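Trainee: Quick one: structure below, then a few questions.
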Amino acid sequence: MYEKTFSDALVSLGHNVIAFSWVPYFSSIFGRAETKFCLTGIKTIQFNRELLEYVKEQLPDVVLIWRGINVIPDTLKKIKLAGVRHLSSYNHDDFTGPTVGAPVPWHHRRLWRLFLRCAPLYDSHFVKRQSNIEHLHQLGAKQVFTMPMWFVPELHTPAQFDQADAKRYETDIVFVGHYEPDGREQSIRALMSSGLKVKLWGGRYWTRAVLGDLYDDLAPVVPAEGEKYAKALCGAKICLCFLSKMNRDTYTRRCFEIPACGRLMLAERTDDLMRFFKEDEEACFFSSDEELVRKAKWLLDNPNIRKSIAQAGLRRVWADGHDVKSRASSFIETVKAK
């Protein structure tokens with residue numbers, strides 16, 4: 001969804017991309033511990049040493065560090081000395097949240113320690129949210145740009161159903177995503193209490209303890225990944241979009257993926273989303289559970305309006321270049337200019 005699709009998009013634009021993955025270094029018990037608690041242990045040291053050797057061997061024009069929580073400052077300094085023309089960082093997570101009181105797990109207060117120390121060493125930063133820009137500038141970052149998330153056309157497209165798919169995926173309303181203790185389970189409860197048919201797809205945190213008496217009606221709650229993700233969206237008349245409070249999200253990649261699949265999005269109302277989409281013309285929004293239920297009933301009672309909004313949302317994400325190839329092109333043009 002992230003590094004690989006962005007890399008593929010760069011290749012499709014004619015660029016030569018070489019990849020260096022840190023998965024082998026941080027997939028063991030010790031590696032996972034070093035990542036979770038931002039410890040500069042043996043795996044982190046090995047990764048940084050071999051990354052530097054690889055850069056010296058390949059000598060790329062641009063090095064793009066993706067969510068660089070395991071990269072130490074000395075490595076970046078030596079990468080620049082090796083002759084790399086531009087050193088860039090991309091991070092879609094909210095590294096500012098822990099410092100301003102966002103409701104994050106305690107270990108997130110350490111997670112960004114190395115990344116923030118490295119902030120002044122990059123030639124450019126690309127971030128998901130506007131609120132991260134000032135933070136990086138305060139740390140001495142030179143150039144910081146917002147780069148919104150994207151959809152992947154090969155994955156996020158209107159799906160074709162057979163009879164088995166129809167039985168498995170079709171519903172009035174769907175939410176495909178993770179659980180977070182921000183009230184989203186109460187929103188689902190409000191919809192179901194109003195007699196609306198809801199399907200829920202997600203991970204193991206959607207437990208009986210979270211869902212209570214709704215669990216038996218919604219279970220099993222399992223992930224919908226790969227082509228199943230688009231089918232889970234396309235099987236519904238309305239696709240919900242909740243925004244992470246831990247990540248202080250004002251939009252998310254799902255906000256582009258849902259319209260790209262040709263489905264109607266009903267999302268929490270934010271200024272960013274109202275900038276991306278015209279309300280009740282290209283997407284629909286809510287600010288309370290009462291408004292959510294009212295909007296959902298209105299859309300279900302008016303299939304022509306629902307179809308018109310979904311089609312307009314699909315046109316909008318393509319017209320505004322929210323696909324991954326357009327994002328990759330924008331990244332290249334920005335780096336060239338700077």
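The values are calculated or read from the model by the stated rules, or taken from the named source; none is laboratory data. Just so it is clear, the structure is predicted and the values come from calculations on it, not from any experiment. When we count neighbours, we look across all protein chains shown, and the Cβ atoms used for this are built from the backbone with ideal geometry, even at glycine. Ligands, DNA and RNA are excluded from the accessible area calculation, which covers all protein heavy atoms including side chains. Shrake-Rupley method; radii C 1.70, N 1.55, O 1.52, S 1.80 Å.
Trainee: For region 222-284 and region 34-62, write down the distance between their C-alpha centroids in whole Å.
Mentor: Using only Cα atoms, the two centres lie 36 Å from each other.
Trainee: Once amide H atoms are built 1.01 Å from N in the peptide plane, which residues 5 or more positions from residue 89, or in another chain, come under 5 Å H to H?
Mentor: 65, 124, 125, 126
Trainee: For residue 286, what residues show an amide H to amide H distance below 5 Å, using hydrogens built from the backbone and excluding near sequence neighbours?
Mentor: 267, 268, 269
Trainee: Moving on to the next point. What is the percent carbon and sulfur in the accessible area of the chain, measuring with a 1.4 Å probe over the protein chains and ignoring ligands?
Mentor: The value for the chain is 51 percent carbon and sulfur by accessible area.
Trainee: Out of region 142-199, which chymotrypsin sites (Phe, Trp or Tyr not before Pro) are coil in DSSP terms and have no more than 16 other C-beta atoms within 10 Å?
Mentor: 161
Trainee: Express in Å², to the nearest 10, the accessible area of residue 308 obtained by rolling a 1.4 Å probe over the protein heavy atoms while all chains stay in place.
Mentor: 60 Å²
Trainee: Identify all lysines with a Cα-Cα distance to residue 77 below 16 Å; exclude those on the same chain that are fewer than 8 residues away in sequence.
Mentor: Result set, ordered by chain and number: 56, 142.
Trainee: Also, I was wondering about something else. Tell me, how many Å apart are the Cα centres for region 86-140 and for region 288-308?
Mentor: Cα centroid to Cα centroid, the span is 38 Å.
Trainee: Cross-link partners among lysines for residue 245, C-alpha distance below 18 Å, same-chain residues fewer than 8 apart left out?
Mentor: Cα-Cα hits under 18 Å: 128.
Trainee: Please list 28, 244 in order of solvent-accessible area, largest first, computed with a 1.4 Å probe with all protein chains present.
Mentor: Output order, biggest surface exposure first: 28, 244.
Trainee: Helix-derived [θ] at 222 nm for the chain: sum -39500 (n - 2.57) over DSSP H runs of at least 4, divide by residue count, nearest 500?
Mentor: That calculation yields -12500 deg cm²/dmol at 222 nm.
Trainee: Okay, moving on. Once you compute Rg and the Kirkwood Rh from C-alpha atoms, what is the Rg to Rh ratio for region 2-141?
Mentor: 0.95
Trainee: With every protein chain present, what is the per residue accessible area of the chain (1.4 Å probe, Å²)?
Mentor: 48 Å²
Trainee: Under 10 Å, Cα contacts only: if you run a Gaussian network model on the chain, which one of 143, 58, 186 comes out with the highest mean-square fluctuation?
Mentor: 58
Trainee: Okay, next question. Exactly which chymotrypsin sites (Phe, Trp or Tyr not before Pro) in region 85-131 are in a DSSP loop and have at most 10 other Cβ atoms within 10 Å?
Mentor: 106
Trainee: Something else about it: Calculate the FRET efficiency for residue 274 and residue 49 from the Cβ-Cβ distance with a Förster distance of 41 Å, rounded to the nearest 0.05.
Mentor: Plugging the Cβ-Cβ distance into 1/(1 + (r/R0)^6) gives 0.30.
Trainee: Work out from phi, with θ = phi - 60° and the Karplus expression 6.51 cos²θ - 1.76 cosθ + 1.60, the ³J(HN,Hα) of each residue of region 151-164, listed in order in whole Hz, and give x for Gly and Pro.
Mentor: 10, 10, x, 5, 9, 10, 8, x, 8, 9, 10, 9, 4, 5
Trainee: For region 27-98, report the translational diffusion coefficient in µm²/s to the nearest whole number, using Stokes-Einstein at 25 °C, 0.890 mPa s, and a Kirkwood Rh over Cα pairs.
Mentor: It diffuses with D of about 186 µm²/s by this estimate.
Trainee: Quick check: the angle from helix 289-301's long axis to the longest principal axis of the chain, C-alpha only, nearest 10 degrees?
Mentor: Roughly 60 degrees between the two axes.
Trainee: Still on this model: Using a Cα-Cα cut-off of under 15 Å, which aspartates and glutamates could be cross-linked to residue 336, ignoring same-chain neighbours fewer than 8 residues away?
Mentor: 61, 123
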